[in-house]
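One structure below.
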Amino acid sequence: MNQNILFPDLQHWDAEKQAVGFQAQQAGALIPCFISLADLEKRAQRKLETEEAILNVFNQYRFDLEELAEEAIEEEDFNVLGEIWVR
């Protein structure tokens with residue numbers, strides 16, 4: 001893992017985006033990262049119907065998701081809003 005990219009232990013359910021949001025920090029800048037509910041459900045191989053279930057599955061896969069986000073940041077795979085979306 002790149003020690004220059006940090007992931008604070010903060011995550012939230014974003015109902016508008018239908019995704020879990022989490023942050024990366026690189027050189028003091030906060031980078032918004034997301035994984036969609038659909039992608040989390042694929043990983044869990046089940047439907048996630050409550051915010052608690054969604055966040056529990058996110059935490060179960062957190063390390064892998066942070067690794068994917070880190071790779072996307074290093075490849076500068078930002079969308080037009082400056083966000084990273086993990087798949």
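The values are calculated or read from the model by the stated rules, or taken from the named source; none is laboratory data. Quantities reported herein were computed from a predicted structural model and do not represent experimental measurements. Every residue, glycine as well, gets a Cβ built from its backbone with ideal geometry; the counts of neighbours run over all protein chains shown.
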Open item on the list: Anything in segment 50-76 that is crowded, with 17+ Cβ neighbours inside 10 Å and β-branched (V, I, T)? List them, or say none.
Closed with: I54, V57, I73
TODO: Looking at (1) surrounded by fewer than 17 Cβ atoms within 10 Å (Cβ to Cβ); (2) closer than 23 Å to G82 by Cβ; (3) not polar (S, T, N, Q), find the lone condition where K47 falls short.
DONE: (2)
Open item on the list: Step by step: first the residues of segment 6-24, then only those that are of a type outside the set (A, V, I, L, M, F, W, C) and under 23 Å from V80 (Cα atoms), then the one that is surrounded by the fewest Cβ atoms within 10 Å (Cβ to Cβ). Which residue is that?
Closed with: E16
Task: Some residue of segment 34-49 being closer than 22 Å to N4 by Cα and at pLDDT 95 or above - done: yes
TODO: Kindly provide the set of residues from segment 25-38 that are buried (at least 18 other Cβ atoms within 10 Å of the Cβ) and either out of contact with any strand residue (DSSP E or B) (no Cβ under 8 Å at 6 or more places or on another chain) or under 19 Å from Q60 (Cβ atoms) (or both), ordered by number.
DONE: C33, F34, I35, L37
